[in-house]
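Trainee: Dropping the structure in here first, questions after.
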Amino acid sequence: MSDHIRIKGLEVFAHIGVPDEERATLQKLLVNLELYVESFANAAANDDLSNTVDYSDVVLKVRALTLNHPRKLIEALAEDIAGFVLRTYPVRCVSVEVEKFILPGVQCVAVSITRSAS
């Protein structure tokens, strides 16, 4: 079993979409993350941020990553975020959901992926 941090409803902006016209304008997306770590026991016992994942840093860096370059697919963005989190933070596994608000009459379209550290 592992402990996890949830980041829900992270507002990010990206140039994303299949048509060139859609990528021309920044779109607001929502990202939900679950970061699975071995345990919070050491961080809690020592009340020390260095023994856990700094979720404020995750938020700032994921926001920057979404602006890194235009993408056609939210699937590609989800993979980029998952890979970045696994390379950068001490997590065993990450789940990423990206919500896009582009289709008329539809609340959102979302993709979800889960990736593990190798």
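The values are calculated or read from the model by the stated rules, or taken from the named source; none is laboratory data. Values in this document were obtained by computation on a predicted structure and should not be read as measured data. Positions of Cβ are generated from backbone atoms using ideal geometry, with glycine treated the same way; all protein chains shown enter the neighbour counts. Accessible surface areas use protein heavy atoms only, side chains included; no ligands, DNA or RNA. Shrake-Rupley method; radii C 1.70, N 1.55, O 1.52, S 1.80 Å.
Trainee: For semi-axes √(5λ) of the Cα gyration tensor in Å, which listed value, (i) 43, 16, 13; (ii) 29, 13, 12; (iii) 32, 15, 14, comes from the coordinates shown?
Mentor: Given (i) 43, 16, 13; (ii) 29, 13, 12; (iii) 32, 15, 14, the calculated one carries the label (ii).
Trainee: Hey, what angle do you get for helix 55-66 against the long axis of the chain, alpha-carbon based, 0 to 90 degrees rounded to 10?
Mentor: For 55-66 against the chain, the angle is about 30 degrees.
Trainee: Long-range amide H contacts for LEU73: which residues qualify at under 5 Å (H placed 1.01 Å from N, peptide plane, sequence gap of 5 or more or a different chain)?
Mentor: Excluding prolines and chain starts, which carry no amide H, the hits are GLY17.
Trainee: Please list, in chain and number order, the residues 5+ apart from GLN27 or on another chain whose amide H is under 5 Å from its amide H, with Hs placed from the backbone.
Mentor: Those lying under 5 Å, H to H, from GLN27 are ALA14, HIS15, ILE16.
Trainee: ³J(HN,Hα) across segment 49-54 via Karplus (A = 6.51, B = -1.76, C = 1.60, θ = phi - 60°), whole Hz, x for Gly/Pro?
Mentor: Ordered by residue, 3J(HN,Hα) equals 4, 5, 9, 8, 9, 7 Hz.
Trainee: State the percentage of accessible surface on segment 1-65 attributable to carbon and sulfur atoms; use a 1.4 Å probe and exclude ligands, DNA and RNA.
Mentor: 53
Trainee: Moving to a separate point now. Have a look at TYR55, GLN107, PHE84 and report the one farthest towards the positive end of the charge dipole of segment 38-118, computed about the Cα centre with Cβ charges (Lys/Arg +1, Asp/Glu -1).
Mentor: GLN107
Trainee: Roughly how tilted is helix 74-88, in degrees to the nearest 10 and between 0 and 90, from the longest Cα axis of the chain?
Mentor: Long axis of 74-88 versus the principal axis of the chain: about 20 degrees.
Trainee: May I ask you to evaluate 6.51 cos²θ - 1.76 cosθ + 1.60, the Karplus curve with θ = phi - 60°, for each residue of segment 29-36 and list the ³J(HN,Hα) values in order in whole Hz, giving x for glycine and proline?
Mentor: 10, 10, 10, 10, 10, 10, 10, 8
Trainee: How much net charge surrounds LEU26 when only other residues with a Cβ under 14 Å from its Cβ are counted (Lys, Arg +1; Asp, Glu -1)?
Mentor: Counting the neighbours of LEU26, the net charge comes to +2.
Trainee: Can you show me the helix-derived [θ] at 222 nm for the chain, built from DSSP H runs with n ≥ 4 at -39,500 (n - 2.57) apiece and divided by the number of residues, rounded to the nearest 500. Let's see the in-between values first.
Mentor: Working: 4 runs with 37 residues, N = 118.
Taking each H run of at least 4 residues, the total per residue is -9000 deg cm²/dmol.
Trainee: Still on this structure: Considering only DSSP beta bridges whose two residues both sit in the chain, what percent are antiparallel, to the nearest 5?
Mentor: Working: 26 of 27 bridges.
Percentage antiparallel, nearest 5: 95.
Trainee: Another question about this same structure. Tell me which residues come under 5 Å, amide H to amide H, from HIS4 once H is placed; ignore anything under 5 positions away on its chain.
Mentor: Residues meeting the amide H criterion: VAL37.
Trainee: Also, I was wondering about something else. Rounded to the nearest 20 debye, what is the charge dipole size of the chain about its Cα centre when +1 sits on each Lys and Arg Cβ and -1 on each Asp and Glu Cβ?
Mentor: Working: 12 positive and 16 negative charges, 48 e Å.
With Lys and Arg at +1 and Asp and Glu at -1, about 240 debye.
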